[in-house]
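The values are calculated or read from the model by the stated rules, or taken from the named source; none is laboratory data. Please read all numbers here as calculations on a predicted model, not as lab measurements. Reconstructed Cβ throughout: ideal geometry from the backbone, glycine too, with neighbour counts over all protein chains shown.
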Amino acid sequence: MRVDWLSLLDYRSYHTLEWSPEPGVNLLIGSNGAGKTNLLEAIAYLSTLKSFRSVPDAALIADETDAAVIRSGITSEERDRLIEIEIPSQGSRRTQVDKTRLKRTADLLGVIRVVAFLPEDLDLVKRGPAYRRDLLDDIAVQLWPAAHLDQAEYERSLRQRNAFLKAGDRDDVTLSVWDSRLAQAGGRVVARRARVVETVTPALSAAYAEIAGEAAEAVFTYRPTWDVELGSAGAADYAELIAKGLEASRRHDHERRATSVGPHRDEPGFAIDGHEARTHGSQGEQRTMALAVKLAAHRSIADATGEAPVLLLDDVFSELDAKRSSALGVALPAGTQTIISSARPEDVPVSGRSWQVADGAVR
Ligand SMILES: Nc1ncnc2c1ncn2[C@@H]1O[C@H](COP(=O)(O)OP(=O)(O)OP(=O)(O)O)[C@@H](O)[C@H]1O
Ligand SMILES: [Mg+2]
């Protein structure tokens, strides 16, 4: 699966761009602020329908314009597709696939799969748990696009339950209606997280060893806020346990006026040779783990779907020491469209088609 061509209109620093990347390795070279990350962000947007910088859509629209448009021709084994996304400053986003307007934007998910690695992802292990929850949930969407609906439903139910608690109303009959909705959606979210862990784990130790240069057992960990051992239970079983947890924390939640139990508070992590990486890992081990997770996710998604996702590496090599940088270069998957950005080409240990990014253009 690959991006055959990309066309941007009033997207961040690009007023008009037509770009046809190579099927293999592409190197985007340009000085700071040239627009390298913007370009990778636009490609990732095609896959996830959100910015990988966690900013609202409005930030993507070029200054002093009314709408950003991303268009792209996608080549995949299944079939080639034309994706068109318009992000207006007023009104809602419009998406088309092969000139047909999608009823739900989320139906675009899965048309192109992307795994992105950003400089801040190197801190994935030691950052707050929200980043690791997002990691699992984002991989779930790449594997099973419908996961997005469960996640959105969970977030909606959570907002409603929190709004009810904030209002200070102690009506437990109404609260139990919110509990039940939250638990149902939460059960599905957690079941998918468990399947992501199950799917990616087999590739994790191998990817870790490739980058570290020595064998180690690398696994996911999961510390829930409710009483569960993450495993192969079904969504309904998880839902029941979340419902119990919610009920038990009711008094506390009334006092805090917020929901203290559920997948939105759980803490995913990683262990290396039996030690929790966040609390026991060295800085180098943590960074190696972060790289390994993304590589393993890429391989697992490729295996599960039969097609390698597009791999985006934003300025990652300059952040690594020489040993890890060359190990990552060697570990990069073959047969994968890979787009690497860097301000310093000498930092990138792989060869490929080189592109200069400057003045809102790619040459
Ligand atoms: N909505 C927008 N409209 C116009 N310009 C924007 C918008 N959003 C960001 N920019 C500009 O895009 C530029 C940043 O681009 P980008 O982050 O892609 O740079 P980069 O090449 O990745 O740089 P670095 O090497 O520092 O990471 C900045 O100059 C910023 O002002
Ligand atoms: Mg950048």
Subject >> Matching residues in segment 324-340 - criterion: being over 20 Å from the mean Cα position of the chain (by Cα) and hydrophobic (A, V, I, L, M, F, W, C) >> reply: 327, 330, 331, 334
**OP:** Say whether the condition of being among the hydrophobic types (A, V, I, L, M, F, W, C) and surrounded by fewer than 16 Cβ atoms within 10 Å (Cβ to Cβ) is met by at least one residue in segment 287-303.
**Re:** no
Original post:
What number of residues in segment 119-155 are crowded, with 20+ Cβ neighbours inside 10 Å and within 16 Å of ligand 2 (Cβ to nearest atom)?
Top reply: 2
**OP:** Would you tally the residues in segment 1-48 being over 15 Å from residue 355 (Cβ atoms) and part of a strand (DSSP E or B)?
**Re:** 8
**OP:** Specify the residue that is nearest to residue 22 (Cα to Cα); the eligible residues are those in segment 55-81 that are over 20 Å from the mean Cα position of the chain (by Cα) and β-branched (Val, Ile, Thr).
**Re:** 75
Subject >> Matching option when the condition is farther than 30 Å from residue 26 by Cα and of a type in the set (A, V, I, L, M), among 297, 207, 308, 215 >> reply: 215
Original post:
Of all residues in segment 16-63 being near ligand 1 (Cβ under 8 Å from one of its atoms) and out of contact with any strand residue (DSSP E or B) (no Cβ under 8 Å at 6 or more places or on another chain), which is farthest from residue 311 (Cα to Cα)?
Top reply: 63
Original post:
Which residues, counting only those in segment 11-30, are within 16 Å of ligand 2 (Cβ to nearest atom) and not hydrophobic (A, V, I, L, M, F, W, C)?
Top reply: 11, 12, 13, 14, 26, 30
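Name the residues in segment 167-176 that are in contact with a Phe, Trp or Tyr (Cβ under 9 Å, 6 or more places away or on another chain) and either on the phi > 0 side of the Ramachandran plot or surrounded by 13 or more Cβ atoms within 10 Å (Cβ to Cβ) (or both), would you?
Looking only at segment 167-176, we keep the residues that are in contact with a Phe, Trp or Tyr (Cβ under 9 Å, 6 or more places away or on another chain), and these are 171, 174-175.
Of everything in segment 167-176, just one residue is in contact with a Phe, Trp or Tyr (Cβ under 9 Å, 6 or more places away or on another chain) and either on the phi > 0 side of the Ramachandran plot or surrounded by 13 or more Cβ atoms within 10 Å (Cβ to Cβ) (or both), namely 175.
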Original post:
In segment 23-43, is there at least one residue being of a type outside the set (D, E, K, R), under 12 Å from residue 85 (Cβ atoms), in contact (Cβ under 8 Å) with a residue 40 or more places away in the chain and buried (at least 17 other Cβ atoms within 10 Å of the Cβ)?
Top reply: yes
**OP:** Please find, within segment 228-243, the residue that is farthest from residue 164 (Cα to Cα) out of those that are of a type in the set (D, E, K, R) and touching a residue at least 40 places away in the same chain (Cβ under 8 Å).
**Re:** 237
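Please determine whether any residue of segment 132-151 is in a loop (DSSP other than H, G, I, E, B), closer than 19 Å to residue 51 by Cβ and in contact with a strand residue (DSSP E or B) (Cβ under 8 Å, 6 or more places away or on another chain). Full working, then the answer.
Initial filter on segment 132-151 (in a loop (DSSP other than H, G, I, E, B)): 144-146.
With closer than 19 Å to residue 51 by Cβ added as a condition, the list becomes 145.
Next, only the ones that are in contact with a strand residue (DSSP E or B) (Cβ under 8 Å, 6 or more places away or on another chain) stay: none.
No - not one qualifying residue is present in segment 132-151.
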Original post:
Of all residues in segment 319-342 being small (Gly, Ala, Ser) and free of Cβ contacts under 8 Å to residues at least 40 places away in the same chain, which is farthest from residue 41 (Cα to Cα)?
Top reply: 322
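Which one of these is under 23 Å from residue 131 (Cα atoms), small (Gly, Ala, Ser) and not in a strand (DSSP E or B): 243, 216, 233, 194? Give the steps one after another, and end with the answer.
Values: 243 fails: under 23 Å from residue 131 (Cα atoms); 216 fails: under 23 Å from residue 131 (Cα atoms); 233 fails: under 23 Å from residue 131 (Cα atoms).
On inspection, the qualifying residue turns out to be 194.
Can you name every residue in segment 267-294 that is part of a strand (DSSP E or B) and among the charged types (D, E, K, R)?
In the first step, residues of segment 267-294 are kept if they are part of a strand (DSSP E or B); the result is 267-272, 275-276.
Result: 267, 276.
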Subject >> Where residue 246 falls short, out of the listed (1) in contact (Cβ under 8 Å) with a residue 60 or more places away in the chain; (2) under 19 Å from the mean Cα position of the chain (by Cα) >> reply: (2)
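Do you know which of the residues in segment 50-62 that are within 16 Å of ligand 2 (Cβ to nearest atom) and not hydrophobic (A, V, I, L, M, F, W, C) is surrounded by the most Cβ atoms within 10 Å (Cβ to Cβ)?
Of the residues in segment 50-62, the ones within 16 Å of ligand 2 (Cβ to nearest atom) are 51-55, 59-60.
Remaining after also requiring not hydrophobic (A, V, I, L, M, F, W, C): 51, 53-54.
Details: 51: 17, 53: 13, 54: 10.
Residue satisfying both the conditions and the ranking: 51.
Can you name the residue in segment 31-49 that is farther than 19 Å from residue 338 by Cα and at pLDDT 95 or above and, of all such residues, is farthest from ligand 2 (Cβ to nearest atom)? Before you say what the answer is, go through the steps one by one.
First, pick out the residues of segment 31-49 that are farther than 19 Å from residue 338 by Cα: 31-34, 49.
In the following step, the residues that additionally are at pLDDT 95 or above were identified as 31-34.
Values: 31: 10, 32: 7, 33: 8, 34: 8 Å.
Among residues in segment 31-49 that are farther than 19 Å from residue 338 by Cα and at pLDDT 95 or above, the one farthest from ligand 2 (Cβ to nearest atom) is 31.
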Original post:
Tally time: how many residues in segment 307-321 are more than 16 Å from ligand 1 (Cβ to nearest atom) and in contact with a Ser or Thr (Cβ under 7 Å, 6 or more places away or on another chain)?
Top reply: 3
